[in-house]
Amino acid sequence: WYQRRVREFQTFQHYFKQINLRSSNTMADAEKGGIRASGQQKFEEKSPGVCGSILIFLSILVCVIFFPLAPFFIIKVVQQYEKAVIFRLGCITKGGAAGPGLFTYLPCTDEIHVVDMRTISFDVPPQEILTKDSVTITVDAVVYFRIQDAVSSVCNVDNVKLATKLLAQTTLRNMLGTKSLAEILADREEISMAMQKILDEATDPWGVLVERVEVKDVRLPQNLQRAMAAEAEAHRDAKAKVIAAEGELNASKALKEAADVINDSPAALQLRYLQTLGTIAAERNSTILFPMPIDMMKAFADR
């Protein structure tokens, strides 16, 4: 009976090992070309030693003895977007992270850490920054990242999300502190790309891929906003005066040309005089006009 149970358990374990191997190969093919080799640490399975081998054997023996109930304790399922890092007696098991899908483990000797492989976003809290030209501003940003190496994210850093968030805050302060206010307002896209590159290189040993960084808002002090608004208003007023002066210059040139035409033709002046009378009469006002020949005015002009 004991030998039959051992053979059944070995067959059962071999079946689930094949399932785990196919799942690992599928994920490896899907992630090929997207995972960088630089900065990733290789973890190899170490020999458990005599005591460790005894504990593993006892754990397997317990599973064999309680075989009808053992599948409920040695089988675990992880979702398509998750991976499970298995520590057997404190060491990484062979093959690295398991999943997605079904996999087996020894409940007495194994410890499982499930890692979410989806894209994660967080807001960088508003940071008060002193720019290169000694202006105090408040800047906040948003960062998108995902875990690409589950083993490194568990073994190389305590809390990968918190560590990435704190690193993003420090990087934002250090980068914007070397730029002037005009550069920050004009080159926000270049700043976001440079910050993404720095974060990506720094978090590479943690198994993290920074996908995108965006500077959300740049808030200026109230007195600086009023000063910039006054400067912009003065600039608009000066531009309006220049435009009005150019208009008067063009109008004076047009009036001079019209005066030259009227001077060459005295009848044109009389027609213009009659046209002005018609315009005034059409407005239905109480103004009374007394036409006076222009030739009479010339006699007074000569004197």
Which ³J(HN,Hα) values, rounded to whole Hz and listed in residue order, are derived for segment 201-213 from phi using the Karplus coefficients 6.51, -1.76 and 1.60 in 6.51 cos²θ - 1.76 cosθ + 1.60 with θ = phi - 60°, glycine and proline given as x?
5, 6, 8, 4, x, 8, x, 10, 10, 7, 8, 7, 9
Give a residue-ordered list of calculated ³J(HN,Hα) values for segment 148-153 (Karplus: 6.51 cos²θ - 1.76 cosθ + 1.60, θ = phi - 60°; whole Hz; x for Gly, Pro).
9, 10, 5, 5, 5, 5
Near the amide H of I120, under 5 Å away, which other amide H atoms are found, from residues 5 or more places off or on another chain, if H is placed in the peptide plane?
F145, R146
By per-residue mean of other Cβ atoms within 10 Å, what is the highest-first order of 190-199, 114-123?
190-199, 114-123
Rounded to the nearest 10 Å², the accessible area of R272 at probe 1.4 Å
130
Quick one: with all protein chains in place, what share of the accessible area of segment 137-178 is carbon or sulfur, to the nearest percent (1.4 Å probe)?
47
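The values are calculated or read from the model by the stated rules, or taken from the named source; none is laboratory data. Just so it is clear, the structure is predicted and the values come from calculations on it, not from any experiment. Don't worry about glycine lacking a Cβ; one is built from the backbone with ideal geometry, like all the others, and counts go over all protein chains shown. Each accessible area value is taken on the protein alone, full model and side chains, heavy atoms only, with ligands, DNA and RNA left out. Shrake-Rupley method; radii C 1.70, N 1.55, O 1.52, S 1.80 Å.
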